[in-house]
Structures are given as C-alpha cells and as structure tokens.
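S.K.: Take this structure first; my questions come after.
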Amino acid sequence: MARLLSYILPSAFWSLVAHGSLLGADPATTCTSLKTRLHLENTTILSTTHVVAPVNVSTPKGCFPEALVSSPICRVQFVVNTTSTSAVFAEAWLPDTWYGRFLAVGNGGLGGCVDYQNIDYGTSLHFATCWADLAPQRQVR
Ligand SMILES: *[C@@H]1O[C@H](CO)[C@@H](O)[C@H](O)[C@H]1NC(C)=O
Ligand SMILES: *[C@@H]1O[C@H](CO)[C@@H](O)[C@H](O)[C@H]1NC(C)=O
Ligand SMILES: *[C@@H]1O[C@H](CO)[C@@H](O)[C@H](O)[C@H]1NC(C)=O
C-alpha cells in the first residue's frame, strides 16, 4: 500500500499543480473550482475549501476534533480507491503562497490519524503538503 500511495499522492499532487498552478491570483475562486476541475483516476474529491487563517478547522479524521490552520490554504479532502475493496482518505493543503515545494507527511505502524499539526507546519513554510490516512476506509475480505 505504501508503494501505491507513493505513486498516487505525488501524481494527485502534480495534477493539482497543473490545474491550480497552484492557486494563482485568486486563491479562493481557484480553490472552489478545483472540486469540479480535478479529475484523478480512482479518486473522489470530497471537498475543496479555501481557509482564511489563522483559524481552527474541524478534523473528522484527526486524533483531535480540531486543528489549527496558521496560514491561508486550499484544503482538498479526497478518497483514493487503492484496490477494488479498499480506499484511503487523504488531504492536500495547498498554500496561497507557494514556491514550488512539496511535502508528504506520515506516521508509523498502525497510526491512522491524519497528522494535521505537521501538515500545518509544512504549509506555514509554503510547502504544498499531503497526508493519507493509511487506516482503510473500506475493506471487504
Ligand atoms: C485504478 O483502479 C484500477 C482498478 O483497480 C487499476 O487497474 C488502475 O491501475 C488504477 N489506477 C491507478 C492510477 O492506480
Ligand atoms: C471507489 O470504489 C467504490 C466501491 O467499489 C465505487 O463505488 C466508486 O465508484 C469508486 N470510485 C472511484 C472514483 O473509482
Ligand atoms: C485554536 O484552538 C486552540 C485550542 O483550543 C486555541 O488555544 C487557539 O486560540 C485557537 N486559535 C484560533 C485562531 O482560533
């Protein structure tokens, strides 16, 4: 699965770059429009939300109910089907001000919480940052 994600997340990211560039002169409008403009294989875009920071946002997939967004971003929440019977939840946080750097953050073992604190740290340094929840969203055996 890790190998699959190492393929899917960067390709999802470069597709975001191609569509958003990253966010251009009007980040809020670009962000909203990504919901319908992004077409990624085996991927469902759940939401694209422009977040004006600093603010605490709700984090249903985190270990805590809220997380701090300390600099303005486009928050993209999506589900990637990894096989016909499993899927993972992921987020990409795209900073309004971006200098072309990408960061993927993760954790170890069975850690299934999205690490929002480190995503925020990445975007506060202007990295476009991705994280996937390795706990399967759906598994049929
Ligand atoms: C999408 O899913 C199909 C069916 O599981 C698979 O054959 C294909 O390789 C997947 N595409 C990507 C980019 O992973
Ligand atoms: C993901 O898998 C589910 C269940 O098989 C399917 O209903 C859905 O259409 C798939 N989504 C994509 C984007 O492939
Ligand atoms: C976010 O929540 C933390 C913890 O409740 C709080 O200390 C902080 O002031 C909040 N920040 C903002 C910008 O609302």
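The values are calculated or read from the model by the stated rules, or taken from the named source; none is laboratory data. Note that this is a predicted model, so its numbers are computed, not measured. Positions of Cβ are backbone-derived with ideal geometry, glycine not excepted, and every protein chain shown enters the neighbour counts. Calculation scope for accessible area: heavy atoms of the full protein, side chains included, ligands and nucleic acids excluded. Shrake-Rupley method; radii C 1.70, N 1.55, O 1.52, S 1.80 Å.
S.K.: Averaged per residue, what accessible surface does the range 56-128 expose to a 1.4 Å probe, in Å²?
M.R.: Heavy-atom SASA per residue in the range 56-128 reads 46 Å².
S.K.: How far apart, in nm, are the 7 Å Cα→Cβ label points at Ser86 and Thr44?
M.R.: Between Ser86 and Thr44, the simple spin-label model gives 1.8 nm.
S.K.: GluC sites (Glu not before Pro), restricted to the range 31-93: which are DSSP loop and have at most 10 other Cβ atoms within 10 Å?
M.R.: Answer by residue number: Glu41.
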